[in-house]
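The values are calculated or read from the model by the stated rules, or taken from the named source; none is laboratory data. Quick caveat: nothing in here was measured; it's all calculated off a predicted structure. Backbone-built Cβ (ideal geometry, glycine too); neighbour counts: all protein chains shown. Quick note on the areas: whole protein, heavy atoms, side chains included, nothing else; ligands and nucleic acids left out. Shrake-Rupley method; radii C 1.70, N 1.55, O 1.52, S 1.80 Å.
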Amino acid sequence: MKDMVVTIDGPAGAGKTTVSRRLAGRLGYRYVDTGALYRGVAHAAREKGIQPTDDKGLSDLCAGLELELVAAENGSRLISGGVDIADLIRTPEITMLASAVSARPVVREFLLGLQRRLGESKRVVLEGRDMGTVVFPEADVKFFLSAAVEERARRRFNELPHDDGLTLEQVEADIRRRDENDSTRALAPLKPAEDAIMVDSTNQTPDEVIEFMMGYIEAKG
């Protein structure tokens, strides 16, 4: 099978991380969680007290920011300035902040080059929200993975620690708000590429989704 760039876009909680990581393992490809890069910017902005609407502050921040995705046993770890912050960027606060900063042109421009470099050698599965539309419009195979919002909320709720009193209803409200933010922003809104293969994971296991995707990948390859 020829070397390919495979993109998997979709909204929060659709199962992109699990499917992308396991699909990459099945193919022997590198897995790249591009959402972690936006979370890295959001984490750095919070640490510096920079508001997500402060383009000058974000520009200065990005100019000195060193982000790196390092392969690990369970996917990848995000390194910022030599420090592993992978366990610090999965909180609801960082999730919403990442959605906000991802709408700023200065942040997207900063990360665009980095993301494209990660796919230069092909043999890569890239997970994100605009991989097939903006970052890799010429990708060999593009998927758009989604699920019913109630199911996505349930999955996300089960992933989060419950010692902070967070409820399923609050998680669902956050996901609906993030969906709205991501799909209506002027720059690179969340939407399927015209040639993306649509996958609804609501009633499918990750293994079933991966088998479905492999059929398209093998046909393409």
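I'm checking my understanding of the structure. Among residues of the stretch 51-60 that are under 22 Å from the mean Cα position of the chain (by Cα) and more than 12 Å from Arg108 (Cα to Cα), which one is surrounded by the most Cβ atoms within 10 Å (Cβ to Cβ)?
So, considering only residues that are under 22 Å from the mean Cα position of the chain (by Cα) and more than 12 Å from Arg108 (Cα to Cα), the one surrounded by the most Cβ atoms within 10 Å (Cβ to Cβ) is Pro52.
For the stretch 29-47, does any single residue satisfy the condition of being crowded, with 20+ Cβ neighbours inside 10 Å, among the hydrophobic types (A, V, I, L, M, F, W, C), within 24 Å of Gln204 (Cβ to Cβ) and at pLDDT 95 or above?
no
Looking at (1) of a type in the set (Lys, Arg); (2) touching a strand residue (DSSP E or B) at 6+ places or on another chain (Cβ under 8 Å); (3) under 30 Å from Gly215 (Cβ atoms), which is the one condition that is false for Arg77?
Only one criterion is unmet by Arg77, namely (3).
Would you please list the contacts, defined by Cβ atoms under 9 Å and residues six or more apart or on different chains, that run from a residue in the stretch 184-205 that is modelled with pLDDT under 95 and basic (Lys, Arg) to a residue that is open to solvent by 100 Å² or more (accessible area, probe 1.4 Å) and assigned to a loop (DSSP other than H, G, I, E, B)?
none
If I filter the stretch 32-90 down to residues being in contact (Cβ under 8 Å) with a residue 40 or more places away in the chain and of a type in the set (S, T, N, Q), which single residue comes out as nearest to Met131 (Cα to Cα)?
For the stretch 32-90, the residue satisfying everything is Thr34.
Any residue at all in the stretch 157-174 that is crowded, with 21+ Cβ neighbours inside 10 Å and acidic (Asp, Glu)?
no
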